[in-house]
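Heads up: the structure comes next, in structure tokens.
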Amino acid sequence: RRVLFRSAIVLNNLFPSEIYGVNVRTFEIDAAGCFQLVNYRKALPGLFQLDTQIVAFSSLPEARDKVAYYLNRPEERKAIAAAAYARAQAEHTYEQRLQLLLSTLQGKAAGYPFL
């Protein structure tokens, strides 16, 4: 936990079989107020605004370039992390996820359709 909070950039390298969505760490990192760099997935733009609330990469060279870029911009990282934190608290809490799950099971919601 201390490592997370002391990290300038938290790299969230998603499992390759996670083709469409993201893992729970995506939300946990943002809810902790940390800056993260995460693999791009199709669902990501529906969850967070790219480059203003979360930063994504599609290849290892792109990840390296973004790490180099953001390491030298602490204020930009702080602003993105703060925006991600606000979005996570407003829309991505466990309570909200559970309510959506139950509503989906009851046929009252369509789940999380981001395509």
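Listed conditions (1) touching a Phe, Trp or Tyr at 6+ places or on another chain (Cβ under 8 Å); (2) open to solvent by 30 Å² or more (accessible area, probe 1.4 Å); (3) without any contact (Cβ under 8 Å) to a residue 24 or more places away in the chain are all met by S59, apart from (1).
So that you can scan it fast, the table gives a plain yes or no per residue for (1) in contact (Cβ under 8 Å) with a residue 24 or more places away in the chain; (2) surrounded by 13 or more Cβ atoms within 10 Å (Cβ to Cβ); (3) assigned to a helix (DSSP H, G or I):
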site: V55; (1), (2), (3): yes, yes, no
site: D65; (1), (2), (3): no, no, yes
site: I80; (1), (2), (3): yes, yes, yes
site: Y85; (1), (2), (3): yes, yes, yes
site: A88; (1), (2), (3): yes, yes, yes
site: R97; (1), (2), (3): no, yes, yes
site: L102; (1), (2), (3): no, no, yes
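Note on segment 4-53: residues that are more than 25 Å from E75 (Cβ to Cβ), open to solvent by less than 40 Å² (accessible area, probe 1.4 Å) and either assigned to a loop (DSSP other than H, G, I, E, B) or of a type in the set (A, V, I, L, M, F, W, C) (or both) amount to 6.
The values are calculated or read from the model by the stated rules, or taken from the named source; none is laboratory data. In this text the structure is predicted, and so the values were computed from the model without any measurement. Using ideal geometry, Cβ is built from the backbone for each residue, glycine included, and neighbour counts are taken over all protein chains shown. Only protein heavy atoms, including side chains, enter the accessible area calculation; ligands, DNA and RNA are left aside. Shrake-Rupley method; radii C 1.70, N 1.55, O 1.52, S 1.80 Å.
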